[in-house]
Amino acid sequence: MAALTRGTLATVPLFDEPACDHNRTKDLATRKAGCPKPKPGGTAGGCAFDGAMITLVPIADVAHVVHGPIGCAGNSWDGRGSLSSGPTLYRRGFATDIGEQEVVFGGEQRLYDTVVEAARRHHPAAVFVYSTCVTAMIGDDIDAVCAAAATVTEVPIIPVHAPGFAGSKNFGNRLAGAALLEHVIGTVEPAFTTPYDVNLIGEYNIAGELWDVTPVLATLGIRVLASISGDARYAEVAAAHRARATMVVCSRALLSLARGLEDRYGIPWFEGSFYGLRAMADTLRGFAGLLGDDDLAWRANELIAAQEAGVAAALAPYRERLAGARAVLYTGGVKSWSLVSALQDLGVEVVASGATKSTDDDVDKITALLGPDGHVIKDGNPTELLRIVRESQADILIAGGRNQYTALKGRLPFLDVNQERQHAFAGYAGMVELARRLDLALSSPVWEQVRAPAPWDRPATPENTENTENGAS
Amino acid sequence: MARVVPGATGAAFDPLKHSQPLGGALVFLGLARSIPLLHGAQGCTAFAKALLTRHFREPIPLQTTAVTEVSAVLGASDSVIAALDTISERNHPDVIGVLTTGMTEVNGEDLLGVLRTSPYGPAASAAPAAGHPLVIPVSTPDFRGGLSDGWSAALEALVGAVPAVGTAPTRHRQVAVLVGPSLSAVDLDEIAGLVRAFGLDPVLVPDLSGSLDGHLDEAWSPLTTGGTSRSDLLGLTASGAVTVIGATAASAGTALAARSGAGTALTIHDHLSGLEMVDRLVRMLMDHSGASAPEAVRRWRRRLADGLLDSHFVLGGARIALAGEPEQLVAVGSLLYDAGAEIVTAVSPTDAPVLGRAPWEEVVVGDFLDLAERAAAAGAELVVASSHGRDVADRIGAAHLALGFPVYDRLGAQLRATAGYRGSLQLLVDAANCLLDHRSGRRTGPGREHSAARSSTRFEDMRS
């Protein structure tokens, strides 16, 4: 833990999370053993550094500097679908690209030079500095470099201690949340506040999803003070402590950030989702409940009724076409049940849903939604997924980009609902888009063509001969 | 003869460079029933896999030894053996390439020593039994070199695993073709076709045209679904000739010739773009086969010659900025230079001997920041680079030809032709058309009605 406990981060308890039921229900021995270790040769998924980048890089006016060898930044920069309505600095790649010289003599000077150069060239609102396995192992004092560079540049320089080997992507999300709590949130006061200011945590504006949600919230007078971190600006995140409520969107890993905001600033929070009509209704009522306002609750119910009526008309033709379609859903966390209800709202039968990254609580919800015939997927390797699809006679796999080609190579329709997705599925507008994309995937003319045998695999039947004659005539 | 100069910053601003393990993994992805294994944290594999998937639009077999902070400190050799056990048991591959990363090189662990005393050591590898993988370790720390260096190292390690022979070549008509990373699937097809046209049998190493060309098989597979077979690989030293196509493969080619019998001919071609370079290969194939060039080869040469004439009106004097891996930079740059284009800047992520042989004046070892600054200063009209280069082209108001790695903003990276008579012609045409599209959009006379609207739009574009 040397790399993690260095510096001020030690004040944020990383493994003590009362809001996490993983932690709550474990006996002492299990808790001591910690999170399950990845299996060599049989592991998919990102590292803690990856998770930290996912959580923080969407802050658009920040220069994100990776302190490590080229592998970490070179293979990942500008690779995420988080959109910005303004600055594009977050999409640029900054890496110290350390060499043997730094491995032997230390990379602090090079990091300092890189941060100062990035600040000089781009005038960012802040610079975030990410440690990596190699720079954690060689013992660079990143906190000291950040402090020195902040003095010279007069720009906040934020150290993020999430070297890849520290753990999984989820743990990296949590480490990023700890960095925000420790160094960013509470350092800026908003220009003005309203009684309806809220924070969103774990919403990354993939494919512009946030922009289908904020207008709905605005109708109720709810202002997103800080989005952590889709389409965010540094100053907004830094002012998150003035919000009146926090919603944790689809991310158990960032519960610790929500709880931290509650402990330090007394901001109440709830977990919710923007996917599907039921989830949207719960979310709007959830905000109304926390903001403690009868009028708001009444208006929320009015809005829900109006939006659902509007969407129902747009969904009607899709509901007809999608009725009876069978889907296997393989995604993680809150989406593993919130999407189930969204799909069921469309008349799609969800025959199996993945739960490899879900909590016991999530699994209970999946089981309740799927009913007795539903299958909860525990092991999501491609062979297993294809077997489940085959046995359940599913028509489509709905999953993350990692499984896209698994499905396609099995000649199976596919819809991407994870971070590489190209389409926005959140909110009421997103629900219609989800229906449209499902319909397009299922009804595409390509499936029949690629499933047909090649000429050399077809018997020379009279029927074929007839077709040829027809074609020639 | 170009001089090689360093870029503007010591660090990487919009990195052009990719890591050594990625280049090494690509070599193993060009072998049949193979899987590369990155020895590092799980993120090393996850990032590489995501990027390769975006580029090839294919499932990418790639595994990790999943080193944690505890095993990084206490020794990660158990993780390697555990990973090899798991992969062998689950997938039964023919070949596993074990590539180190920065973190497993920093802790100073002796990977070769670990493997030597394991069931996956060189004794088992020299004559692998059925069902037992050929395990090839390669040292590829992220903090040294880049993609091309990883490719070279992995290819050298592959050649090192081929049993050396002392006798004269037993397969005179077999030509071992060691290739570099700049060749697409259609390029590799073109090269194999050229060799076959002379009645010779090519063995391409690696052969990404068989594995990652984008083809629909019967079913999904956890291993590569094509590429150089293990038996072809182990029979390389019986070849009558060794030919290197791509400067990145030169060191492996030299090593293979040395391991082969006396009388094995070795020829090295830095690349296969442009009339003169293809002529050299054809001459070699004529000499080795004793056959004359068949009509199909002659026909494509005539077409390339004609294409040079047609395209020189467009490419002549065109200001072109390039960024890419060393071998590709020299291949594409030479082709365009020989059609009369002006290479206003050329940026390579790493240094390599081939850069010095570029026919234009200067090559910068730098990143996309260098490309952007120099291309803007020189008023480049066309940027030839990977998908990351599109932002640069947009910012300076130039056209963009997507070429290199990674290409994720359009389809068909493996269908981009650059090599042979036919591929050279295709690339000339693609580059010229790119420029023609770009120029036609800008040709607005002062008296034209729509000129005001057009120029104001473009001004906005340049500001953003």
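Just so it is clear, none of the values below were taken in a lab; they were calculated from the coordinates. Keep in mind the model is a prediction, meaning the values are calculated, not measured. Please note: Cβ atoms are built from the backbone with ideal geometry, for glycine as well, and neighbour counts cover all protein chains shown.
Given the structure, is B:Ser118 surrounded by fewer than 18 Cβ atoms within 10 Å (Cβ to Cβ) and of a type outside the set (Lys, Arg)? Answer is yes for this residue.
Residue check: A:Asp379 meets all listed conditions (1) exposed (fewer than 13 other Cβ atoms within 10 Å of the Cβ); (2) within 14 Å of chain B (Cβ to nearest Cβ); (3) in contact (Cβ under 8 Å) with a residue 60 or more places away in the chain but one, namely (3). When segment A:261-275 is filtered for residues that are buried (at least 24 other Cβ atoms within 10 Å of the Cβ) and either more than 23 Å from A:Gln344 (Cβ to Cβ) or out of contact with any strand residue (DSSP E or B) (no Cβ under 9 Å at 6 or more places or on another chain) (or both), the ones remaining, listed by number, are A:Leu261, A:Tyr275. Restricted to segment B:9-52, and to residues there that are more than 9 Å from every other protein chain (Cβ to nearest Cβ) and part of a loop (DSSP other than H, G, I, E, B), the residue that is surrounded by the fewest Cβ atoms within 10 Å (Cβ to Cβ) is B:Arg33.
Hey, any hits in segment A:155-165 for a residue that's in contact (Cβ under 8 Å) with a residue 12 or more places away in the chain, part of a helix (DSSP H, G or I) and of a type outside the set (Val, Ile, Thr)? Yes - at least one qualifying residue is present in segment A:155-165.
Rundown of residues vs (1) surrounded by fewer than 20 Cβ atoms within 10 Å (Cβ to Cβ); (2) outside any strand (DSSP E or B); (3) over 19 Å from the mean Cα position of the chain (by Cα); (4) not polar (S, T, N, Q), yes/no style:
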residue	(1), (2), (3), (4)
A:Arg174	no, yes, no, yes
A:Ala179	no, yes, no, yes
A:Ile201	no, no, no, yes
A:Gly221	yes, yes, yes, yes
A:His241	no, yes, yes, yes
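When segment B:65-93 is filtered for residues that are crowded, with 23+ Cβ neighbours inside 10 Å, more than 7 Å from chain A (Cβ to nearest Cβ) and not in a helix (DSSP H, G or I), the ones remaining, listed by number, are B:Ala76, B:Pro93. For segment B:160-191, which positions are in contact with a Leu (Cβ under 6 Å, 6 or more places away or on another chain) and under 20 Å from B:Gly290 (Cβ atoms)? Of everything in segment B:160-191, those that are in contact with a Leu (Cβ under 6 Å, 6 or more places away or on another chain) and under 20 Å from B:Gly290 (Cβ atoms) turn out to be B:Arg173, B:Val175, B:Ala176, B:Val177. Tell me yes or no: at least one residue of segment A:322-334 is touching a residue at least 40 places away in the same chain (Cβ under 8 Å), part of a helix (DSSP H, G or I) and over 19 Å from A:Glu209 (Cα atoms). Yes, because at least one residue in segment A:322-334 is touching a residue at least 40 places away in the same chain (Cβ under 8 Å), part of a helix (DSSP H, G or I) and over 19 Å from A:Glu209 (Cα atoms). The criterion of at least 1 residues that are in contact with a Cys (Cβ under 6 Å, 6 or more places away or on another chain) and within 14 Å of chain A (Cβ to nearest Cβ) is met by the following helices (runs of 4 or more DSSP H) wholly inside segment B:98-180: B:102-106.
Within segment A:69-100, the residues that satisfy the criterion of being over 23 Å from the mean Cα position of the chain (by Cα) and either in contact (Cβ under 8 Å) with a residue 60 or more places away in the chain or crowded, with 24+ Cβ neighbours inside 10 Å (or both) are A:Pro69, A:Ile70, A:Ala95, A:Thr96, A:Asp97, A:Ile98. In contact (Cβ under 8 Å) with a residue 12 or more places away in the chain, touching a Pro at 6+ places or on another chain (Cβ under 8 Å) and either within 24 Å of A:Ile206 (Cβ to Cβ) or part of a helix (DSSP H, G or I) (or both): does that describe A:Arg278? No.
Looking at segment A:83-101, is at least one residue in a helix (DSSP H, G or I), under 30 Å from B:Pro61 (Cβ atoms) and in contact with a strand residue (DSSP E or B) (Cβ under 8 Å, 6 or more places away or on another chain)? No; the residues of segment A:83-101 include none that is in a helix (DSSP H, G or I), under 30 Å from B:Pro61 (Cβ atoms) and in contact with a strand residue (DSSP E or B) (Cβ under 8 Å, 6 or more places away or on another chain).
If only residues of segment A:397-428 that are in contact with a strand residue (DSSP E or B) (Cβ under 9 Å, 6 or more places away or on another chain) and assigned to a helix (DSSP H, G or I) are counted, the one that is nearest to the other protein chains (Cβ to nearest Cβ) is A:Tyr405. Comparison of B:Gly214, B:Gly263, B:Gly307 shows that the only residue that is part of a loop (DSSP other than H, G, I, E, B) and over 19 Å from B:Ser182 (Cβ atoms) is B:Gly263. Put simply, of B:Ala262, B:Ala219, B:Ala257 the only residue that is crowded, with 20+ Cβ neighbours inside 10 Å and either of a type in the set (A, V, I, L, M, F, W, C) or in contact with a Leu (Cβ under 8 Å, 6 or more places away or on another chain) (or both) is B:Ala257.
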